[in-house]
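Derivation of every value follows stated rules applied to the coordinates shown; laboratory data play no part. Predicted, not measured: the structure shown is a model, and the values here were computed from it. Positions of Cβ are generated from backbone atoms using ideal geometry, with glycine treated the same way; all protein chains shown enter the neighbour counts.
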Amino acid sequence: MLMHTIHPHPRDWTSEMTEQKQGMSSNGAMADGSALTKKYSFNPKEGIINPGMVITDDGVETFSPRLCGLRREEKETYGFNLQLEKLNRGHVIRNVESGGIAQRSGLRDGDRLLEVNNVYVDDISHSEVARKMSVSGNQLCLLVLEEKAYKQAVSQGQDLRGVAGDWRAGCTAPRLCHISRDPVSGLGINFTALEGSNSIGEKGRFSVSLVAGGAADKAGVCKGDRLVWMDGAMVTDLTHSALSRMMKKCGDITILVIDSESEKKYMQKKIPILPSMAVPRNLPHRARKLHLASGPDGFGFLLHLEMTASGHTYHILQGVDSGGPAEKAGMKNGELLLEVNGESVENLQHQEVVDRVRTSGKHVSLTTITYKGLVFYSKLGLSPLLFCEDTAEDEKEIRVTVSKEKESPPMEKDGLRNARLCSLQKGLTGFGFDLGCSPGGPGTFIRKVVPGGSAEKAGLAEGDVVIEVNGQNVERKHLEDVRLLMKEEGAFLSLLVVDEMNNRNKRSDSPCRNIPEKEDEELTIL
């Protein structure tokens, strides 16, 4: 029996396999469920009473799924398990916690999951279903079919996708739009409180008006749209004046909107409108899934573990080899690693991540995002994996190019091709780089380059191997000797370097090594 558990922490980016019994719970109370046909009855205390299968007057069997909306607080669980069972087809709801959020929403033991946030999931892998739940955050909209009705529908060859979609016909997806403020015309958007919107039952409903050709118009917002959510906050309890104050304080904004006709249908059917259901428009940052095929020298990048002052650790991709597999796949220096082969690495140790890459063989998929992207989604309260782009869908190779302003002219010295001479002047943050070395042996390389610092401006890149310091060869010198030599040279420094690929054999005969500098930092060549 295979079981997935959805973890409550807001920064968990995917769910993981477990055979332990653990629940799943929600943020307060979204709609407990809704009658989807006139034959349903609904009791707020008991949830939905739905037989799953209805015999119509003409004797035709119709299968009626149930909609269950779940919301949880930060440290709650949803109160159920999603399982894959050998003797039962489908994604099975089990271990529904008595009195928990799942039970209150109408979920029952044995139910089969058809949709997650309006996406049909009966025909996709169990791990992918669990991942969709995990990245949804603290709100879920699940469409399920009662066990007996599901089995009978399968035995009769019913189109379950059609069964799931019939009740949602005509409902278009909401849009998550990022609006970048124009320095002259501003955001180009205004919100009007709908008539009676401050009365009971219609609190915080706003219609959108636009400046034609303005920033909001370009971001995918349409005239007459209904505002659902702004910068991570639902607007249902906001007055128009409160919304106006928010707008004045904002620079750029990210909003969730839906057309008015679809909003009516969602409200009639008690379907929650969630960011996880949305089509992204104009988002400045997206996570990317990269597909790498190993070359003769490995995958061609460095994996570095860093710990921030707050105690959080990040797996950082560095030292991307020019022309190597990682660069061909679209990898960029400084990106954060979120997943290996679709599984989260957030809570893994450095060596565990390295092992996952190594055991992938010749092919591996890595999900990455920039640090700015991670901050962007964190501020919105959304998973950075929610709108992940898969580079395999793009037939064109993505290649990283280096700005000509940062390139040092290639040169050839002592048989070294593409060697670069970089001249640095010490600034307020020093020379703006840090050195790494082979453990217990000679040879040094550029471990880290400070963005905007002297090293970056001079053309140094992470992974570059240091050949000379001010004309003195240091290939056989140890790290401390090289650092001491640099200190002696004062405010100016001249480094002859080659990229890591051209000098890999000078650093190690093994394709992958740990290079710990401190207890909270590790580096591995992959």
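Summary of packing: across the peptides 68-74, 184-190, 341-347, the per-residue average of other C-beta atoms within 10 Å ranks them, highest first, as 68-74, 341-347, 184-190. Phi-derived couplings, Karplus 6.51 cos²θ - 1.76 cosθ + 1.60 at θ = phi - 60°, listed residue by residue for region 347-358: 9, 8, 6, 4, 5, 5, 5, 4, 4, 5, 5, 4 Hz, with x used for Gly and Pro. Panel order for Asp237, Asp122, by other beta carbons found within 10 Å of each beta carbon, from fewest to most: Asp237, Asp122. Close amide-amide hydrogen proximity is noted between Asp390 and Lys289, each under 5 Å apart and 5 or more residues distant or on a separate chain (H modeled in the peptide plane; Pro and chain starts excluded). For region 321-397 versus region 203-227, the inter-centroid distance based on Cα atoms is 34 Å.
Around the amide H of Glu522, modelled in the peptide plane, lie the amide H atoms of Leu305, all under 5 Å away and 5 or more residues distant in sequence or on another chain.
Here the Karplus curve 6.51 cos²θ - 1.76 cosθ + 1.60, taken at θ = phi - 60°, turns the phi angles of region 257-266 into couplings of 10, 8, 5, 5, 5, 5, 4, 4, 5, 4 Hz, with x standing for Gly and Pro. Protection proxy ranking of 287-296, 129-138, by the mean of other Cβ atoms within 10 Å over each peptide's residues and highest first, is 129-138, 287-296. Between the amide H of Lys448 and those of Asp434, distances stay under 5 Å, these residues lying 5 or more places away or on another chain, with hydrogens modeled in the peptide plane.
Each peptide in 221-228, 350-357 gets a packing score, the mean of other Cβ atoms within 10 Å over its residues, and the list from highest to lowest is 221-228, 350-357.
So which of Lys248/Lys372; Lys249/Lys457; Lys372/Lys457; Lys457/Lys477 end up more than 28 Å apart by C-alpha?
The pairs that break the limit, which is 28 Å between Cα atoms, are Lys249/Lys457.
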